[in-house]
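Below is one structure, written out as structure tokens, with a few remarks after it.
Each value in this text was obtained by applying a stated rule to the coordinates, not by laboratory testing. Note that the structure is a prediction, hence the values are computed from the model and not measured. Reconstructed Cβ throughout: ideal geometry from the backbone, glycine too, with neighbour counts over all protein chains shown.
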2 protein chains.
Amino acid sequence: MREVAIAGVGMTKFGVSEITQVEMFAEAAMDAIAASNIKPEAIQAVYVGNADGNVEEGQAVMAPMCASEIGLKGLPATSFQAACSSGTLAIINAFVWVSLGLYDVVLAGGTERQRTMSTPLATRVMGFGVHAKYETPTGLSFPGIFAMMAHLYARKYNLPLSELKEAMARVSFKAHKWGSINPKAQFFGKEVTMEKIYASDMVASPLQVYDCCPISDGGAAVVVASMDVARKLTDKPVQIIGVGQGSSGAVCSQKDITRIPARELSSQRAYKMAGLKPSDIDVCELHDCFTIAEIVASEGLGFFKPGDGYKAVMRGDTDMGGKIPINMSGGIKAKGHPVGATGAAQVYEIVNQLRGECGARQVEGVKVGMTDTMGGSFASIAHIIMRRGW
Amino acid sequence: MREVAIAGVGMTKFGVSEITQVEMFAEAAMDAIAASNIKPEAIQAVYVGNADGNVEEGQAVMAPMCASEIGLKGLPATSFQAACSSGTLAIINAFVWVSLGLYDVVLAGGTERQRTMSTPLATRVMGFGVHAKYETPTGLSFPGIFAMMAHLYARKYNLPLSELKEAMARVSFKAHKWGSINPKAQFFGKEVTMEKIYASDMVASPLQVYDCCPISDGGAAVVVASMDVARKLTDKPVQIIGVGQGSSGAVCSQKDITRIPARELSSQRAYKMAGLKPSDIDVCELHDCFTIAEIVASEGLGFFKPGDGYKAVMRGDTDMGGKIPINMSGGIKAKGHPVGATGAAQVYEIVNQLRGECGARQVEGVKVGMTDTMGGSFASIAHIIMRRGW
């Protein structure tokens with residue numbers, strides 16, 4: 001396998017879009033192409049993550065339509081459907097095909113437009129990510145699943161729910177603090193207070209509105225190239241050094257959703273490929289679709305021991321200057337969550353962190369960064385570890 | 001790249017299913033696993049093609065749910081969304097990952113359940129494969145697109161529509177003749193006459209009911225392994241020697257839909273990888289979603305010159321004993337078209353043809369076979385060439 005790098009990245013502002021998801025991908029892709037100093041005709045394949053474009057806009061076969069939109073007709077164009085982890089799988093597959101010499105340059109990313117739907121409908125559409133036969137009939141949707149996770153976490157570690165809720169509120173506060181100064185974030189310019197978080201409406205006890213990510217539109221794209229090619233294009237190629245992927249079935253087939261074996265398997269695969277351990281990671285974008293999800297993920301990735309994640313939040317370990325700054329983009333919570341694009345937007349942030357281009361959100365001395373993306377009821381989990389390639 | 005083979009194949013009977021698409025994939029997969037003499041724990045990844053499971057059954061993240069259903073929890077499980085070519089992309093990606101040594105054994109295939117929908121709804125859902133912004137508003141659905149193709153073909157080659165319609169009717173007759181003796185086919189046991197074909201209802205002029213494939217449920221799966229592994233499992237490993245993939249955008253961006261550049265590009269890529277030319281192919285399963293589609297595909301694959309495809313049908317070149325027997329399974333027309341499974345079912349047939357296991361449908365002396373699958377409004381086209389590996 002040869003070395004592979006990201007030459008350039010692009011993303012739309014997340015939030016509400018007046019353009020289609022094909023057009024959003026194209027906008028992000030043209031930015032990534034321009035940032036990569038590459039001629040579009042050098043691109044050999046297009047990989048696009050998208051979850052439910054058919055329901056949202058009546059648009060399936062997303063990758064071919066995206067390729068055509070930016071003038072790349074005829075190219076192999078593959079769409080990956082893995083709910084919220086779709087974009088990450090597109091990038092991982094681009095990495096593999098380039099790494100193994102089948103292509104030199106692949107455009108990869110994701111797109112999703114969910115604000116065309118009402119909140120109840122969007123909740124149901126995202127609910128397609130649970131097991132249709134065993135779970136949908138129970139009425140389970142994602143707020144309910146993650147509410148159960150919070151209750152189980154509190155019980156398992158024998159802590160009062162109020163204590164966990166304070167840690168969850170702090171996760172939300174941190175997300176909005178950094179998201180408010182990220183111009184690409186859905187909640188850019190909107191810092192929130194702890195009071196506002198605590199006063200927000202209940203969604204699924206104990207999750208309140210500020211424990212839940214928003215419904216979003218957006219696209220993100222990256223140019224994946226062999227290191228040889230990337231070095232000719234940019235002074236700051238970001239090398240992909242480890243990837244991992246794991247899966248789970250129905251939630252009801254999982255023993256303990258405060259530990260997610262698919263995440264532990266997948267991240268261990270990524271660490272092994274990279275030859276690194278959790279303590280080597282300098283900055284991480286992880287899947288905080290709900291505040292409790294960030295706490296559980298921070299443990300699953302090995303940054304903290306099981307049951308220590310909520311304490312880590314209270315200690316400030318996951319904030320700027322802490323042991324492992326998490327979601328300095330604002331995360332899914334405050335940056336927004338156009339599900340097919342989310343994994344690619346996480347990579348966008350890590351690339352910019354490694355390049356030192358995040359301004360007031362910049363973590364000092366970042367040499368290695370990681371993304372964690374989860375789709376469905378923990379059904380599809382994937383990881384990417386990157387480092388400076390210069 | 002190392003040699004890769006298919007060790008075993010499985011598929012459900014196509015038609016109407018009382019079980020879910022996850023369960024249909026599992027049924028096909030268990031047959032493929034048994035036929036491969038492999039222990040399930042040797043499987044390292046699961047790749048599943050599925051087009052619209054979210055709309056059809058409320059089920060997204062198909063691959064993880066399928067992996068879990070057959071007890072393969074935790075494995076990397078990737079879903080490919082490419083409308084009717086989804087299953088082919090799953091197998092092509094399995095081939096690449098195994099070929100390059102990342103995995104030794106991958107379970108790949110596809111599944112779809114569309115009979116849960118009424119015909120008008122299914123037509124709309126399949127219509128998600130056209131360009132949502134430029135085409136959907138015109139009312140275009142697939143019967144309309146392929147009706148245009150027929151009119152354009154007749155005009156381009158200056159032949160009376162009645163002459164083309166006779167060739168199209170013969171395509172349908174051939175499909176049903178062979179499909180009627182394929183126990184896996186939706187129309188098994190139901191041979192039709194030319195009179196019945198001509199008398200069938202008009203769908204979109206000049207396409208009548210017997211020019212159109214049915215709406216179907218079904219699943220199909222194959223075990224893709226390194227040749228070293230496959231040789232230990234079976235005496236008759238079927239080697240994958242060439243793959244190709246191409247894409248198009250909206251129909252309105254295509255100059256002439258009687259020639260499809262994405263097909264020509266993709267099949268040329270596959271021929272080049274295999275080191276073969278069209279005349280080397282002994283049997284072919286190609287994308288006959290409508291009878292005119294078979295004629296156009298037989299030209300695009302290089303079996304006949306442009307404009308000679310309809311004459312080839314009249315000469316019997318595409319039937320048993322002809323120059324290139326096409327769709328001896330009954331094809332999409334008579335075998336059925338559960339879109340995510342179609343590409344894998346084509347591979348199922350070619351593997352059995354190469355092994356000489358097709359009984360009365362067996363083409364004599366088959367050494368090389370090929371599949372052609374098309375998704376959306378020619379948006380995603382993919383090819384696989386296989387030969388005997390023994």
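Using a Gaussian network model of chain A whose springs link C-alpha atoms within less than 10 Å, name the residue from A:P160, A:P120, A:P183 with the highest mean-square fluctuation. Its mean-square fluctuation being the largest, the pick is A:P120. Ranked from shortest, the separations from the 7 Å Cα-to-Cβ label point of B:K277 to its equivalents in the other copies are 6.2 nm.
For A:D217, A:D235, the sequence from fewest to most other C-beta atoms within 10 Å is A:D235, A:D217. Near B:S329: Cβ cut-off under 11 Å, other residues only, Lys/Arg at +1 and Asp/Glu at -1. The net charge is +1. For B:K156, the point set 7 Å out from Cα toward Cβ sits 6.0 nm from its twins in the other copies, listed from shortest up. To test your reading of the geometry: what angle, between 0 and 90 degrees and rounded to tens, separates the Cα axis of helix A:21-35 from the longest principal axis of chain A? Between the helix axis and the principal axis of chain A, the angle is about 60 degrees. Entry note, chain B: relative contact order of 26 percent, from Cα contacts under 8 Å with a spacing of 6+ residues.
When the P(r) of segment A:1-59 is calculated, the portion above 18 Å amounts to 44% of the C-alpha pairs. Classify segment A:241-298: rounded, prolate or oblate, from the alpha-carbon gyration tensor (a ≥ b ≥ c, eigenvalue square roots; a/c under 1.5 rounded; otherwise prolate if a/b is larger than b/c)? In terms of gyration-tensor shape, oblate. Please work out whether segment B:115-183 counts as rounded, prolate or oblate from its C-alpha gyration tensor, where a ≥ b ≥ c are the square roots of the eigenvalues and a/c under 1.5 means rounded, while otherwise a/b larger than b/c means prolate and anything else oblate? Oblate, because a/c is 1.5 or more while a/b does not exceed b/c.
Taking every DSSP bridge with both residues inside the protein assembly as shown, close to 75 percent are antiparallel. Of the residues B:E349, B:E27, the one with the fewest other Cβ atoms within 10 Å heads the list, and the complete ranking is B:E27, B:E349. The phi torsions of segment B:374-387, fed into the Karplus equation with coefficients 6.51, -1.76 and 1.60 and a -60° offset, translate into couplings of 10, x, x, 7, 6, 6, 9, 10, 9, 9, 9, 10, 10, 9 Hz, rounded to whole numbers, with Gly and Pro shown as x. Residues whose amide H falls under 5 Å from that of A:I260, counting only those 5 or more places apart or on a different chain, are absent, with hydrogens built in the peptide plane. Karplus-based coupling profile of segment B:47-58, in residue order and whole Hz: 10, 10, x, 7, 8, 9, x, 4, 6, 5, 9, x, with θ = phi - 60° in 6.51 cos²θ - 1.76 cosθ + 1.60 and x standing for Gly or Pro. Neighbour counts of other Cβ atoms within 10 Å put B:F378, A:F188 in the fewest-to-most order A:F188, B:F378. Using θ = phi - 60° in the Karplus curve 6.51 cos²θ - 1.76 cosθ + 1.60, the 3J(HN,Hα) couplings for segment B:308-323 round to 9, x, 5, 5, 4, 4, 5, 6, x, 5, 9, 9, 3, x, x, 4 Hz; x is entered for Gly and Pro.
Non-local amide H neighbours of B:G330 (under 5 Å, H modeled in plane, Pro and chain starts lacking H): which ones? Sorted by chain and number, the residues that satisfy this are B:G179. Can you pull a Stokes-Einstein diffusion coefficient for the protein assembly as shown at 25 °C (0.890 mPa s), Rh from Kirkwood over Cα pairs, as a whole number of µm²/s? For the chosen part, D equals 94 µm²/s. The value obtained for chain B, namely the Cα convex hull volume divided by the number of residues, is 119 Å³ per residue.
Indicate the gyration tensor shape class of segment B:23-160 (rounded, prolate or oblate), computed on the Cα atoms with a ≥ b ≥ c the square roots of the eigenvalues: a/c under 1.5 is rounded; otherwise a/b larger than b/c is prolate and the rest oblate. Judged from the Cα gyration tensor, segment B:23-160 comes out prolate (a/c at least 1.5, a/b above b/c). Sticking with the crude label model, points 7 Å out along Cα→Cβ, report the distance from A:K323 to A:E357 in nm, one decimal please. In this crude spin-label approximation the distance works out to 3.2 nm. Amide H to amide H distances under 5 Å link A:A45 with A:L107, where only residues 5 or more positions off or on other chains count and H is placed in the peptide plane.
For segment B:59-113, the relative contact order works out to 25 percent when only alpha carbon pairs closer than 8 Å and six or more residues apart are counted.
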